[in-house]
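Asker: Sending over a structure as structure tokens; questions will come in a sec.
The values are calculated or read from the model by the stated rules, or taken from the named source; none is laboratory data. This one's a predicted model, so the numbers in the text were calculated from it and none came from an experiment. Cβ atoms come from the backbone with ideal geometry, glycine included; neighbour counts cover every protein chain shown.
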């Protein structure tokens, strides 16, 4: 994603590419055959720049984690890292 700076006499802002779609964490859990709660824990390490966003539902207290296509790839990389580290973590 590229950011472009626009400046003018009255306005200074960033223009950012919009995403056409995102995958909810529930959908990603099904796609990757992984536990949704475990994916939520992993996603805590991700930022919006990594393609992880939070969607506000009807109830303002409920946020749904979602991933852009780029975010899905970042999440897959994190999953691989976590799986590689599992044998090293004492139980």
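Asker: Just name the residue that is surrounded by the fewest Cβ atoms within 10 Å (Cβ to Cβ) out of those in segment 32-45 that are at pLDDT 95 or above and in a loop (DSSP other than H, G, I, E, B).
Answerer: Among residues in segment 32-45 that are at pLDDT 95 or above and in a loop (DSSP other than H, G, I, E, B), the one surrounded by the fewest Cβ atoms within 10 Å (Cβ to Cβ) is 33.
Asker: Name the pairs whose Cβ atoms lie under 6 Å apart, with the first residue in segment 47-71 and at positive phi and surrounded by 10 or more Cβ atoms within 10 Å (Cβ to Cβ), the second at pLDDT 90 or above and part of a strand (DSSP E or B), and 6 or more positions between them or separate chains?
Answerer: 51/67
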